[in-house]
There are 2 protein chains.
Amino acid sequence: MSSAGPLEGVEALLFDVFGTVVNWEHSITRELQAKSKGVDIDWNAFAKEWRKGYMITTRSVAAGGEGPSNVDVMHREILDRLLTETKWSAISNIWNEDEKKDLVLAWHRLSGWPDTTEGLYALKKQLIICTLSNGNVRLLADMAKNADLPWDVIFSGELLGSYKPPRNPKTYLGAAYHLTLPPNKVAMVAAHYLDLKAAASFGLKTVYVRRPTEDTVEERTGTKTKKEGGDVDVVVDSFTELAEVLPKARSLA
Amino acid sequence: MSSAGPLEGVEALLFDVFGTVVNWEHSITRELQAKSKGVDIDWNAFAKEWRKGYMITTRSVAAGGEGPSNVDVMHREILDRLLTETKWSAISNIWNEDEKKDLVLAWHRLSGWPDTTEGLYALKKQLIICTLSNGNVRLLADMAKNADLPWDVIFSGELLGSYKPPRNPKTYLGAAYHLTLPPNKVAMVAAHYLDLKAAASFGLKTVYVRRPTEDTVEERTGTKTKKEGGDVDVVVDSFTELAEVLPKARSLA
């Protein structure tokens with residue numbers, strides 16, 4: 001008896017970017033260390049707090065709250081706020097205006113995971129590959145040039161009018177609409193369970209990518225496929241693995 | 001004495017697509033001939049009327065009029081209308097529903113001009129290259145895969161909320177906004193004088209590309225640069241020529 005693959009009919013992949021495609025934690029920590037001016041603090045912890053502030057703000061905006069619609073502005077506001085905190089008093093004044101501007105642009109210069117570029121080129125041959133990120137278009141375009149990410153289409157929260165992952169149709173369904181595809185012919189690819197859960201609530205298929213520094217707090221590392229009793233369609237450890245299993249997952253097995 | 005190049009500071013190019021990047025007239029005529037079922041009419045004239053109907057509809061929508069927001073729907077409606085006209089009675093019933101659907105998708109399969117792909121790869125190394133087309137995202141993504149067009153970003157009228165070229169800020173300034181660039185750091189590239197005139201009215205720089213089958217009706221083939229007494233910034237005959245002259249045009253001469 002034949003059974004359909006879990007991604008049967010899928011014609012486009014939407015990729016979460018920060019954490020899934022690029023290793024923001026490593027890249028930002030490295031940039032901070034290079035600009036440390038000899039100050040010895042836990043730069044990795046600072047990078048994580050910067051990222052956390054961004055997550056909180058985008059989720060608030062996605063839920064209808066107040067906040068800037070541009071990720072650069074957001075990253076700058078969060079940086080400025082962190083630098084006023086007692087906890088980070090050792091670095092409150094080490095950077096001038098130009099250096100802070102440049103530091104915000106470090107988010108445009110993030111590096112991919114080791115499998116990212118090779119995997120995306122292989123996937124691009126099979127279907128349409130798109131970002132679906134909260135980053136702004138310019139940031140995603142700069143990052144793509146820098147890290148060699150051959151996107152077919154850059155979709156961003158700003159372009160589509162909101163942020164993910166809360167249950168906001170503007171992002172997930174907006175991307176499907178512009179691809180002229182029903183949601184079940186589109187799969188969301190992310191290293192974050194909550195992003196996939198939101199995508200699935202709108203009928204998209206889901207691909208979970210295990211990344212060592214992502215989904216650690218929420219203890220989602222045990223995310224399983226439906227076949228294994230979980231609730232995502234496919235689980236992989238890399239984009240190259242996804243490119244290998246995809247043909248089978250898209251067709252009748 | 002040094003003088004600034006006409007595209008000084010430009011960091012991104014926005015490309016008109018139909019006619020400028022792809023040779024729609026040749027591609028559509030060829031597809032129609034291949035599906036002619038032996039009927040001998042002036043297929044090139046039919047292709048031109050199909051295109052003309054599209055131009056009229058998008059301009060009407062851009063000016064605030066009624067009309068579909070999806071180019072596929074538009075192409076289908078115009079095709080259906082043409083097939084009811086006495087003038088085209090010889091072909092009124094030669095295609096069934098599936099064949100008409102496939103014919104509409106011919107607009108996704110347009111071929112580039114001989115210089116298109118080589119020129120775009122060379123330009124992509126120098127700055128951000130984007131579409132700014134009235135085509136929908138899916139059509140532009142399919143076309144890019146088919147004709148090997150390595151866009152950094154696909155901007156479409158549908159994505160930005162309107163159509164060009166009438167003086168509608170949503171398209172030209174919308175693209176600049178998402179690139180976080182002031183309009184004078186963005187150049188519009190088109191084989192249509194009116195598109196450039198509209199772009200210039202919002203402060204964008206302009207590159208006119210001479211294409212043999214475009215701008216013939218409006219007798220714009222004599223379009224000149226400001227230096228030559230005209231009103232565009234640069235005039236070229238191909239994207240490869242643009243890639244060669246661009247470094248000088250972007251910097252102090």
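Looking at the range B:188-209, which of its residues are farther than 16 Å from B:PHE155 by Cβ and either among the aromatic types (Phe, Trp, Tyr) or assigned to a loop (DSSP other than H, G, I, E, B) (or both)? Don't jump to the end; show me each part of the working.
Looking only at the range B:188-209, we keep the residues that are farther than 16 Å from B:PHE155 by Cβ, and these are B:191-194, B:196-197, B:200-201, B:203, B:205-209.
If the condition is that a residue be farther than 16 Å from B:PHE155 by Cβ and either among the aromatic types (Phe, Trp, Tyr) or assigned to a loop (DSSP other than H, G, I, E, B) (or both), then B:ALA191, B:HIS192, B:TYR193, B:GLY203, B:TYR208 are the ones that fit.
Here are B:ALA175, B:ALA122: which of them is away from chain A (no Cβ under 12 Å), part of a helix (DSSP H, G or I) and of a type in the set (Gly, Ala, Ser)?
Step by step, each of B:ALA175, B:ALA122 is checked, and only B:ALA122 is away from chain A (no Cβ under 12 Å), part of a helix (DSSP H, G or I) and of a type in the set (Gly, Ala, Ser).
Kindly establish whether B:LYS170 is of a type outside the set (A, V, I, L, M, F, W, C), within 13 Å of chain A (Cβ to nearest Cβ), assigned to a helix (DSSP H, G or I) and touching a Gly at 6+ places or on another chain (Cβ under 6 Å).
When the stated conditions are applied, B:LYS170 passes them.
Please count how many residues of the range B:113-166 are modelled with pLDDT under 95, out of contact with any Asp or Glu (no Cβ under 7 Å at 6 or more places or on another chain) and hydroxyl-bearing (Ser, Thr, Tyr).
Final tally of qualifying residues: 3.
Taking only the range A:135-146 into account, find how many residues are more than 10 Å from chain B (Cβ to nearest Cβ) and of a type in the set (S, T, N, Q).
Taking the range A:135-146 first, the residues more than 10 Å from chain B (Cβ to nearest Cβ) are A:135, A:143, A:146.
Checking the rest, the ones that are also of a type in the set (S, T, N, Q) come to A:146.
Qualifying residue count, the range A:135-146: 1.
State yes or no: is B:SER36 among the polar types (S, T, N, Q), farther than 30 Å from B:LEU181 by Cβ and assigned to a helix (DSSP H, G or I)?
Values: among the polar types (S, T, N, Q): yes; farther than 30 Å from B:LEU181 by Cβ: yes; assigned to a helix (DSSP H, G or I): no.
It is false that B:SER36 is among the polar types (S, T, N, Q), farther than 30 Å from B:LEU181 by Cβ and assigned to a helix (DSSP H, G or I).
Just to check your reading of the model, which residue among B:LEU181, B:LEU160 is aliphatic (A, V, I, L, M), within 12 Å of chain A (Cβ to nearest Cβ) and farther than 17 Å from B:ALA200 by Cβ?
Exactly one of B:LEU181, B:LEU160 is aliphatic (A, V, I, L, M), within 12 Å of chain A (Cβ to nearest Cβ) and farther than 17 Å from B:ALA200 by Cβ, namely B:LEU160.
When the residues of the range A:142-167 are narrowed to those that are under 20 Å from B:GLU158 (Cα atoms) and assigned to a helix (DSSP H, G or I), which ends up nearest to the chain's Cα centre (by Cα)?
First pass over the range A:142-167, keeping only residues under 20 Å from B:GLU158 (Cα atoms): A:151-163.
Those still in the list that are assigned to a helix (DSSP H, G or I) too: A:157-160.
Working: A:GLY157: 11, A:GLU158: 14, A:LEU159: 16, A:LEU160: 16 Å.
Restricting to residues being under 20 Å from B:GLU158 (Cα atoms) and assigned to a helix (DSSP H, G or I), the top hit is A:GLY157.
Assuming A:VAL104 fulfils every condition listed in (1) free of Cβ contacts under 8 Å to residues at least 60 places away in the same chain; (2) aliphatic (A, V, I, L, M); (3) not in a helix (DSSP H, G or I) apart from one, which condition is it?
(3)
Considering (1) surrounded by fewer than 24 Cβ atoms within 10 Å (Cβ to Cβ); (2) more than 21 Å from A:LYS227 (Cα to Cα); (3) basic (Lys, Arg), say which one A:ARG138 fails and leave the rest.
It is condition (1) that A:ARG138 fails.
Out of (1) more than 14 Å from chain B (Cβ to nearest Cβ); (2) within 25 Å of A:SER162 (Cα to Cα), the odd one out for A:ASN96 is which?
For A:ASN96, the failing item is (2).
Identify, please: which residue in the range A:120-135 is among the hydroxyl-bearing types (Ser, Thr, Tyr) and farther than 20 Å from B:LEU139 by Cβ and is, among those, surrounded by the most Cβ atoms within 10 Å (Cβ to Cβ)?
Here the answer is A:SER133.
Could you please give the count of residues in the range A:13-36 that are under 17 Å from A:VAL236 (Cα atoms) and either surrounded by fewer than 21 Cβ atoms within 10 Å (Cβ to Cβ) or among the acidic types (Asp, Glu) (or both)?
Number satisfying all stated conditions: 1.
Could you tell me which of the residues A:LEU149, A:LEU132, A:LEU204 is touching a Phe, Trp or Tyr at 6+ places or on another chain (Cβ under 8 Å), touching a residue at least 40 places away in the same chain (Cβ under 8 Å) and within 14 Å of another protein chain (Cβ to nearest Cβ)? Steps first, please.
Values: A:LEU149 fails: touching a Phe, Trp or Tyr at 6+ places or on another chain (Cβ under 8 Å); A:LEU204 fails: within 14 Å of another protein chain (Cβ to nearest Cβ).
Exactly one of A:LEU149, A:LEU132, A:LEU204 is touching a Phe, Trp or Tyr at 6+ places or on another chain (Cβ under 8 Å), touching a residue at least 40 places away in the same chain (Cβ under 8 Å) and within 14 Å of another protein chain (Cβ to nearest Cβ), namely A:LEU132.
The values are calculated or read from the model by the stated rules, or taken from the named source; none is laboratory data. Just so you know, these numbers come straight off a predicted model, no measurement behind them. Please note: Cβ atoms are built from the backbone with ideal geometry, for glycine as well, and neighbour counts cover all protein chains shown.
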